[in-house]
1. Quick query: amide H of Thr61 versus all other amide H atoms, modeled in the peptide plane; which residues come in under 5 Å with a sequence gap of 5 or more or a different chain?
2. Compute the relative contact order of the range 60-145 as a whole-number percentage, counting only Cα pairs closer than 8 Å that sit 6 or more residues apart in sequence.
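Just so you know, all these numbers are worked out from the coordinates, no wet-lab data involved. Just so it is clear, the structure is predicted and the values come from calculations on it, not from any experiment.
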Amino acid sequence: MNDGTGGWGQNGSGGSGGGYGPPPAGGFGAPPAGGYGAPPPGGYGPNPYAAPGPMPVGQRTDPMASVAMALGLASVVGSFCCSFFGIPLSFAAVTVGLLSLSNINKRPLELTGRGMAITGIATGSLGIILLILMIVIGFGGSFLRHL
């Protein structure tokens, strides 16, 4: 409460200084020595919050690997449904898969998709094996009926 005799909340003691004592006799003096000092040599290093460098552009999936895998899966299905479509799909899957694997081996820093190419080769080969098995079973059953 200000009663006009001193500073806020003071009882009037302390004179005209508003209730606070007089300043020191020699002043406040010079600031303390030292401080933060000079920055470290070589700067502060990289900014840990900076965005990372550019993303690698070269890594992409070889489209032929995707095609080989799709053809291989279709050849397995085609071998069970209608063998007429399974025959060309199986050979196409193996051929495209081998070509894709060759491209990936030639340019390993640019192309990925080795697993898809191998899947295309494996499923295309399985389609060929299934077709041969179906033909053998079909001719075997026909042969046994005539005995």
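1. Answer set, sorted by chain and number: Thr112.
2. 40
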